[in-house]
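Working notes, structure below.
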Amino acid sequence: MSQVSVDYYPKVLQTELKKMNPGENKLIELSIKPELAHNIREGKFYSINSTTVLSKMKYLYIGRVATCRSGGCSINRTSESGSSSEYFDYLIFFDALGKILQVKVSNFQTSRGHEITTSGWLSQFKNYNGKSELRAGKNVDAIAGATITVDAITYDIADKTRLLSMILKTNRLQN
């Protein structure tokens, strides 16, 4: 399976921005100190500047998660880009305090675990703020036959939510 780079402006993002933030939206990539960005291989954080005053959506993460590959599954976060791992790309929409508003899968290139793409399953991450643990089978619904995929997205959502919290805290201290 050949991998292409992450699409940082997928159609699902365009649709959600129009739905949640009618009006003009400008995405501005957040600068992240290297010591905080050590675990982001393929992903970016953005602030969302909207002409809509009542917009709740303030931050966005777009990233890729490596997961199962044909013939077996392995979470290998250290594999180089372009490896044979299967993957999916996803988006996390955050409010101004770094709490999750919504999670969407934008590009699912994995042979197992397609159930994680459903809005019903993804809605369990709504309001998560990174202050508690996320664990499949405990406070995240497990999916039979998709353990690696569920674990991978759960880990990544928790990690990126905590990372955004550190970025916001660092930015507040600098201002």
* Asked: When only residues in region 85-121 that are charged (D, E, K, R) and either outside any strand (DSSP E or B) or buried (at least 23 other Cβ atoms within 10 Å of the Cβ) (or both) count, which is modelled with the lowest pLDDT?
  -> Arg112
* Asked: Among the numbered criteria (1) among the β-branched types (Val, Ile, Thr); (2) at pLDDT below 90; (3) out of contact with any Gly (no Cβ under 9 Å at 6 or more places or on another chain); (4) within 16 Å of Lys160 (Cβ to Cβ), which single criterion is violated by Ile40?
  -> (3)
* How many of the residues in region 125-171 are part of a loop (DSSP other than H, G, I, E, B), modelled with pLDDT under 90 and crowded, with 16+ Cβ neighbours inside 10 Å? -> 1
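The values are calculated or read from the model by the stated rules, or taken from the named source; none is laboratory data. In this text, all values refer to a predicted model and were calculated from it rather than measured experimentally. Positions of Cβ are generated from backbone atoms using ideal geometry, with glycine treated the same way; all protein chains shown enter the neighbour counts.
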